[in-house]
1. On the given criteria, is residue 273 surrounded by fewer than 22 Cβ atoms within 10 Å (Cβ to Cβ), modelled with pLDDT of 95 or more, of a type in the set (A, V, I, L, M, F, W, C) and in contact with a Ser or Thr (Cβ under 9 Å, 6 or more places away or on another chain)?
2. Where in the stretch 91-197 are the strands (runs of 3 or more DSSP E), entirely inside, with at least 1 residues that are loosely packed, with under 15 Cβ neighbours inside 10 Å and out of contact with any His (no Cβ under 8 Å at 6 or more places or on another chain)?
3. I'd like to check something: does the stretch 27-44 contain any residue that is at pLDDT 95 or above and hydrophobic (A, V, I, L, M, F, W, C)?
4. Restricting to the stretch 205-234, name every residue that is in contact (Cβ under 8 Å) with a residue 24 or more places away in the chain and assigned to a loop (DSSP other than H, G, I, E, B).
5. Take residue 160 and decide whether it is under 27 Å from residue 220 (Cα atoms), touching a residue at least 40 places away in the same chain (Cβ under 8 Å) and among the hydrophobic types (A, V, I, L, M, F, W, C).
6. Keeping to the stretch 235-247, report how many residues are crowded, with 18+ Cβ neighbours inside 10 Å and in a strand (DSSP E or B).
7. Between 285, 297, 336, 255, which is in contact with a His (Cβ under 8 Å, 6 or more places away or on another chain) and not hydroxyl-bearing (Ser, Thr, Tyr)?
8. For the stretch 66-90, enumerate the residues that are of a type in the set (Gly, Ala, Ser), farther than 12 Å from residue 158 by Cα and crowded, with 20+ Cβ neighbours inside 10 Å.
Amino acid sequence: MNSLSIDDPNYASARDEWRRANLAPLWESPTAHKLAGDGEKPLVWAWSKMRPLIGHALAMSSPAAVERRVLSLSNPGLGEHGATLGTLAVALQSLRPGEVARPHRHSMNAIRLVLEGSGAETLVDGKACMMEYGDLILTPGWCWHEHRHPGSEPIIWLDALDVPFHDFLGTSEFQPGPINAPMQTLADDVFAVANMLPEGLPANPQHSPVFRYSFENARRALAAAPVAADGLRRVRYVNPQNGASALAFLDCSLIGIDRTVTAKRTRSNTHAVCCVLDGEGSSIIGSETVSWSARDIFTLPPGAWCQHRASSAEAKLFVVSDRDIFQRLNLLREEIDPA
């Protein structure tokens, strides 16, 4: 057998033969030995820049735009309507007073985090969920949902969905309304007392029976949370029936950062998107420093060392990630820098 090298003139001919046979040399792949986070920098969407651009979307009046007045947070390397990061597709959605988004459902899970305005509601399987600043609304896969806005000012929220995950698996499905079957839900008061649940409740391990997690309750839980090993306070939005993630595949948490605390560096192999709900500060993400304030959005690429600091007395970061997927697959890796 004759020796062949990449510099050999015959190599191009060999490559053409492989290509015609639907073969590809792995040694030419730029990702063959790529480590998680290699070369990935955080993406940032500053609210001061985003809010005027959302204003352009709010000016749209065509029916197609009204029901999907959504601006995707696009990753330059993935195209306009690709993933924002990993398995996460994140967007900013808005409604004007008097508008509705008719009922529909899909296989993909979604969350809504309210960033501006009030007076609107999301109906999830017929259950009304008020929408106030900082509230988290769940719309689990195959749950009917619709948005109504009888209020007096525009409302804007952050959407996060696991669309790229379903696209990869080939399980992305959509069904428009009308709703043709009655649905049963439980009142949130059933779960209002900590550590107590009525007997005999139907349980769904894939998502929480609570669809609205108010920012008021989240702040109260965060204030009572002990300091974690990295120096920050952190609470997770969970299913009250089993303590698992509130929504399958999308893991949500709220981080409290005190100005007097120097947090340790942490890193994870998951994909995460942060939204600032309170305060100001900065994050060192890999070799980049991101300064942030209320409603700013930024990504935490997998494998990047991250360190958060508050410049105000206190700051709160909402984080949505695909941690639940990694945990279910026994692939989760998280570290705290002991230094």
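1. On the way: surrounded by fewer than 22 Cβ atoms within 10 Å (Cβ to Cβ): no; modelled with pLDDT of 95 or more: yes; of a type in the set (A, V, I, L, M, F, W, C): yes; in contact with a Ser or Thr (Cβ under 9 Å, 6 or more places away or on another chain): yes.
The answer is no for residue 273.
2. Numbers: elements: 100-106, 110-116, 120-124, 127-131, 136-139, 145-148, 155-161, 174-176.
Where strands (runs of 3 or more DSSP E) fall fully within the stretch 91-197 and carry at least 1 residues being loosely packed, with under 15 Cβ neighbours inside 10 Å and out of contact with any His (no Cβ under 8 Å at 6 or more places or on another chain), they are 100-106, 127-131.
3. Step one: of the stretch 27-44, the residues at pLDDT 95 or above are 42-44.
If we keep only those that are hydrophobic (A, V, I, L, M, F, W, C) as well, we get 43-44.
Scanning the stretch 27-44 turns up at least one residue that is at pLDDT 95 or above and hydrophobic (A, V, I, L, M, F, W, C).
4. Those that are in contact (Cβ under 8 Å) with a residue 24 or more places away in the chain and assigned to a loop (DSSP other than H, G, I, E, B): 205, 206, 208, 209, 210, 211, 214, 225, 229, 230, 231, 232.
5. Values: under 27 Å from residue 220 (Cα atoms): yes; touching a residue at least 40 places away in the same chain (Cβ under 8 Å): yes; among the hydrophobic types (A, V, I, L, M, F, W, C): yes.
Here the answer is yes, as residue 160 does meet what is asked.
6. Selection size over the stretch 235-247: 4.
7. On the way: 285 fails: in contact with a His (Cβ under 8 Å, 6 or more places away or on another chain); 297 fails: in contact with a His (Cβ under 8 Å, 6 or more places away or on another chain); 336 fails: in contact with a His (Cβ under 8 Å, 6 or more places away or on another chain).
The conditions single out 255.
8. Residues of the stretch 66-90 of a type in the set (Gly, Ala, Ser): 72, 74, 77, 79, 82-83, 86, 89.
This time we only want the ones that are farther than 12 Å from residue 158 by Cα, so: 74, 77, 79, 82-83, 86.
Hits for the stretch 66-90 are 83, 86.
The values are calculated or read from the model by the stated rules, or taken from the named source; none is laboratory data. All figures in this text were calculated on a predicted structure; none of them were measured in a lab. Methodologically, a virtual Cβ is constructed for each residue, glycine included, from the backbone with ideal geometry; neighbour enumeration extends over all protein chains shown.
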